[in-house]
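Data first, discussion second: the structure below is written as structure tokens.
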């Protein structure tokens, strides 16, 4: 369940935004995700094409993405995976980051395995997850 707007406004992620970015985020959330309308509500633009481009840039901004993740109360591994996927698409990932994320996944699965009830399948018994395939694909390029 997402945060309320008032709760969101108190988060450090939201406070770190510029006033116009804050207005964009609030408009984006309250209008149901219409990114272009959110740009018109928070910035001075006169053409749809400019609003469309600006909305893409705003939603690609890691600080705004952090605020939206906070609003939706995304789990920390979901946030890490989204960031890694974004970096992979932009080809800004090196092997060290891939190895660090593999270590993170391994540790996370170890903790999950230790916390599972006897008789339930362990993460090691389960098929590869999307993040594993993404990492394999990137390493093989």
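Counting just the residues of segment 3-25 that are part of a loop (DSSP other than H, G, I, E, B) and farther than 21 Å from residue 39 by Cβ, which one comes out modelled with the lowest pLDDT? Filtering first and then ranking leaves 3. Within segment 31-71, if we keep just the residues that are modelled with pLDDT under 90 and loosely packed, with under 13 Cβ neighbours inside 10 Å, the residue that is farthest from residue 8 (Cα to Cα) turns out to be 60.
The values are calculated or read from the model by the stated rules, or taken from the named source; none is laboratory data. Since we're looking at a predicted model, the values are computed, not measured. Please note: Cβ atoms are built from the backbone with ideal geometry, for glycine as well, and neighbour counts cover all protein chains shown.
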